[in-house]
Amino acid sequence: MEILLAVVAIVGLIGTLPQFWGSSWGDIYQLFVKGTIPWDLVHEAALKLLDKMRNDDFSPTVVVGIGRGGILATGLICSEITRGKLHADMRKSDKAPELPLLRIATINTNVVFKQQPAGMDADSRRALVDRIDLHEIDCVLSSEDRILLLVAQNFTGTTLEKAVALISAKGIPRENVKTATLFWQKPKVEEHHLADAHEPDLFGMVISASRTMPWKSKLTSTDRI
């Protein structure tokens with residue numbers, strides 16, 4: 001009986017170990033075995049990014065999601081910005097708070113491949129990605145706007161670099177623009193050809209470049225260029 005109780009205690013301890021890191025065995029399996037970033041970690045990265053924005057005293061008037069992942073990240077970031085401002089207003093006044101004005105814009109992207117033979121697998125197709133083209137922003141901007149350019153994942157920084165150029169061409173001062181990512185996925189040293197073209201001004205977390213966002217399939221992702 002004592003042996004059985006000891007076994008139960010050990011099993012229970014093992015089962016609760018991930019909770020010390022605010023995680024679970026399921027999340028650990030997703031991240032380290034399947035290579036998929038858990039949603040809880042996405043939310044944690046968003047909160048860390050917001051903390052850095054506050055430390056920089058940067059309060060955007062426009063949050064621009066770049067690409068499909070950037071659009072999802074923008075929804076999350078804007079929800080947290082709005083929630084934080086509402087709570088702050090409620091502490092200052094007994095009046096019913098108003099939703100803060102925060103515009104959401106998008107810059108759509110298009111992946112362009114090099115010429116490739118038929119029947120090539122997904123990993124090989126990723127290696128033949130030629131570039132990512134950016135479309136026009138779907139929002140009218142003024143020189144007074146404070147703009148957050150946001151991607152979910154930053155690998156080489158090429159997309160953010162292009163977005164900065166697109167915004168600057170509209171006469172927006174560079175000091176009014178911050179580039180940001182939830183996850184800065186730095187390549188390994190031996191992957192020197194993936195050196196950062198642009199380092200984000202703000203980021204949530206640094207994480208392995210082999211990890212994939214929870215809304216993506218690692219086998220078909222094309223954004224690691």
Within the stretch 36-80, the count of residues that are touching a residue at least 24 places away in the same chain (Cβ under 8 Å) and more than 22 Å from V111 (Cα to Cα) comes to 27
I want to confirm something. Restricting to the stretch 155-179 and keeping residues that are among the hydroxyl-bearing types (S, T, Y) and in a helix (DSSP H, G or I), which single residue is surrounded by the fewest Cβ atoms within 10 Å (Cβ to Cβ)? S168
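The numbers here are math on the coordinates, done by the rules we state, and not lab data. Values in this document were obtained by computation on a predicted structure and should not be read as measured data. Every residue, glycine as well, gets a Cβ built from its backbone with ideal geometry; the counts of neighbours run over all protein chains shown.
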